[in-house]
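Only the coordinates and a few stated rules stand behind these numbers; no lab work does. The structure presented is a predicted model; accordingly, all values stated were derived computationally and were not measured. Here the Cβ is made from the backbone with ideal geometry for all residues, glycine too, and neighbour counts use every protein chain on show.
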Amino acid sequence: MAQVQCVRCGNLGEPITEPLYLGKLETLVKGNICAACWGEWVKMRVMVINEYQVNLGDESGRALVKEQMFSFLKLPKPEQQPQ
Ligand SMILES: [Zn+2]
């Protein structure tokens, strides 16, 4: 499988192969993030959920986690991409 140019660590890395269940963001994440950095986010996500006591059944809770994911992975936000 092709390697991915990761925007977080700046290296060519192994692609993420497992399903992420992120809907529209799945392509964005898989196209820009290597498997190692994703693994770091998976650990960080647990800390974020605990620290902010996020209720994932809540729309605002999911939005907060998504916000944290974008800044942790240094992903360009879809609505903030330069023209
Ligand atoms: Zn990476």
Fill in the blank from the handout: Net charge (Lys, Arg +1; Asp, Glu -1) of residues whose beta-carbon lies under 12 Å from that of residue 72, residue 72 excluded, is +3
Exercise for the section: Could you name the lysines whose alpha carbon sits less than 19 Å from that of residue 24, not counting residues in the same chain fewer than 8 places away? Expected result: 66, 74, 77
Exercise for the section: Give, in nm to one decimal, the length gained when the segment between residue 42 and residue 7 is fully stretched (0.36 nm per residue of separation minus the Cα-Cα distance). Expected result: 10.9 nm
Completion exercise
Length gained if residue 52 through residue 71 is fully extended, taking 0.36 nm per residue and subtracting the Cα-Cα distance, is 5.3 nm
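Taking a quarter of the surface of the Cα convex hull of the chain, what do you get in nm²?
The number I arrive at for the chain is 5.9 nm².
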Handout entry: For the chain, calculated [θ]222 nm from helices alone, where every DSSP H run of n ≥ 4 adds -39500 (n - 2.57)
Key = -15500 deg cm²/dmol
Practice task
Using a 10 Å cut-off on Cβ atoms, rank the peptides 52-60, 66-74, 30-38 from the highest mean neighbour count down.
Solution key: 30-38, 66-74, 52-60
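Fewest Cβ neighbours within 10 Å first, please rank 20, 12, 64 accordingly.
Lowest to highest Cβ neighbour count: 12, 20, 64.
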